[in-house]
Ligand SMILES: Cc1ncc(COP(=O)(O)O)c(C=O)c1O
């Protein structure tokens, strides 16, 4: 599949070559752990054991690399497994990382409770301000980590500007592209060194699989990551890889509809008397709007808002949801609502990444926009 093809074409065809044995147009689920060798070391097609490589996972990994414009994609058992593999590849005891002041609670927990125990420390910086990130660098810094848009405050960071800061300091820029997906934003083209995904979200798109991915353009780093993926072992299983590959085929049309519905939702919320603040990069008053418009194709399906009346009022809004499903996660075709302070971001309580108690987060799905607006209006009363 040529890199010259457009995104929508690559999403459907990259990695999806017809099965050589049967001509099946969708890669089969190679639900297998090991492969018959024709004499010791005589591998057919290079496969020996499915932790090292599996044909269904290879199809997904080739697809991921094509969509992010990278030379290598790697698929993992979850987003956090991908992050763990990346961090233990890039970092050694004594190293330092700059992390953003808004990020998925589990990512923060990985830094604060796991990686830090291995002698790696971190500083928190406002990643929407490249000067603040530059000021947080130390001679021991090896990685700048950023999520844009961020979870759950929908902050926007200028990837190109941060890539400049990283390059000048000789450190690597990692971008978690989960909220945008490669259809809306391509961090490697903007100068990032590594793209991280929770493929559980928009890539899978149907709330039926947990997975993660790393995509890079640097051959030496790719080799190290491939080695660690196998040595650490948290790989995507064949059925999970197949589900993500299947989801990706409709990524472009889903993201267009997510963005369209989210724009309508954000617009309605800005006019609602019980809503004190709407966080959506598509709104002209969002501080990152111009940057988002420059580096994203559209503004995505995630909207957060703050409710008059504090924590209890926000929880009550969530509890009244009918069409929106009260639940964690995001990026599926169905709309979800949650209270980050008590749910996805509970692990950030008391830290620099603590989220406002009156915050509600929406993952706006691809149902009828009218029905979604009606449910939100009844929730807000
Ligand atoms: C932005 C972001 N990155 C990473 C993760 C972790 O991914 P997973 O839950 O697949 O381990 C999440 C999960 O919610 C997320 O929202």
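Quick notes
- Close pairs from the stretch 118-130: first free of Cβ contacts under 8 Å to residues at least 12 places away in the same chain, partner buried (at least 16 other Cβ atoms within 10 Å of the Cβ) and in a loop (DSSP other than H, G, I, E, B), Cβ under 9 Å, at least 6 apart: 129/157
- Single match in 209, 194, 171, 253 (criterion: more than 29 Å from residue 366 (Cα to Cα) and more than 13 Å from the chain's Cα centre (by Cα)): 171
For every residue, the table says whether it meets (1) within 16 Å of the ligand (Cβ to nearest atom); (2) at pLDDT 95 or above.
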{"residue": "39", "(1), (2)": "no, no"}
{"residue": "44", "(1), (2)": "no, no"}
{"residue": "53", "(1), (2)": "no, yes"}
{"residue": "69", "(1), (2)": "no, yes"}
{"residue": "77", "(1), (2)": "yes, yes"}
{"residue": "83", "(1), (2)": "yes, yes"}
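- Among the criteria (1) within 16 Å of the ligand (Cβ to nearest atom); (2) over 16 Å from residue 125 (Cα atoms), the one residue 155 does not fulfil is (2).
- Check on residue 306, in contact (Cβ under 8 Å) with a residue 40 or more places away in the chain and more than 16 Å from the ligand (Cβ to nearest atom): yes
- Among residues of the stretch 136-156 that are at positive phi, those with a beta-carbon under 8 Å from a residue that is within 11 Å of the ligand (Cβ to nearest atom) at least six positions away or on a different chain give the pairs 154/179; 154/302.
- Residues that are in a loop (DSSP other than H, G, I, E, B) and either more than 16 Å from the ligand (Cβ to nearest atom) or closer than 20 Å to residue 111 by Cβ (or both), drawn from the stretch 179-188: 179, 186
- Where residue 195 falls short, out of the listed (1) surrounded by fewer than 24 Cβ atoms within 10 Å (Cβ to Cβ); (2) outside any loop (DSSP other than H, G, I, E, B); (3) in contact with a helix residue (DSSP H, G or I) (Cβ under 8 Å, 6 or more places away or on another chain): (1)
- Candidates 94, 73: the one that is touching a strand residue (DSSP E or B) at 6+ places or on another chain (Cβ under 6 Å) and in contact (Cβ under 8 Å) with a residue 24 or more places away in the chain is 73.
- Where residue 99 falls short, out of the listed (1) more than 15 Å from the ligand (Cβ to nearest atom); (2) modelled with pLDDT of 95 or more: (1)
- Apart from one condition, residue 258 fits all of (1) surrounded by fewer than 24 Cβ atoms within 10 Å (Cβ to Cβ); (2) not assigned by TED's automatic domain parsing to the domain that holds residue 85; the exception is (1).
- Qualifying residue in the stretch 343-356 (condition: over 20 Å from residue 110 (Cβ atoms) and within 16 Å of the ligand (Cβ to nearest atom)): no
- The single condition among (1) closer than 19 Å to residue 375 by Cα; (2) over 25 Å from the mean Cα position of the chain (by Cα) that residue 303 does not satisfy is (2).
- Any hit, the stretch 222-235, residues being within 16 Å of the ligand (Cβ to nearest atom), more than 29 Å from residue 47 (Cα to Cα), in contact with a strand residue (DSSP E or B) (Cβ under 7 Å, 6 or more places away or on another chain) and not in a helix (DSSP H, G or I): no
So that you can scan it fast, the table gives a plain yes or no per residue for (1) assigned to a loop (DSSP other than H, G, I, E, B); (2) within 17 Å of residue 259 (Cα to Cα); (3) assigned by TED's automatic domain parsing to the domain that holds residue 155:
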| residue | (1), (2), (3) |
| --- | --- |
| 283 | yes, yes, no |
| 300 | yes, yes, no |
| 316 | no, no, no |
| 347 | no, no, no |
| 356 | yes, no, no |
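The values are calculated or read from the model by the stated rules, or taken from the named source; none is laboratory data. Being a predicted model, the structure only gives us computed values, none of them experimental. Counting neighbours? That spans all protein chains shown, and the Cβs are built from the backbone with ideal geometry, glycine included.
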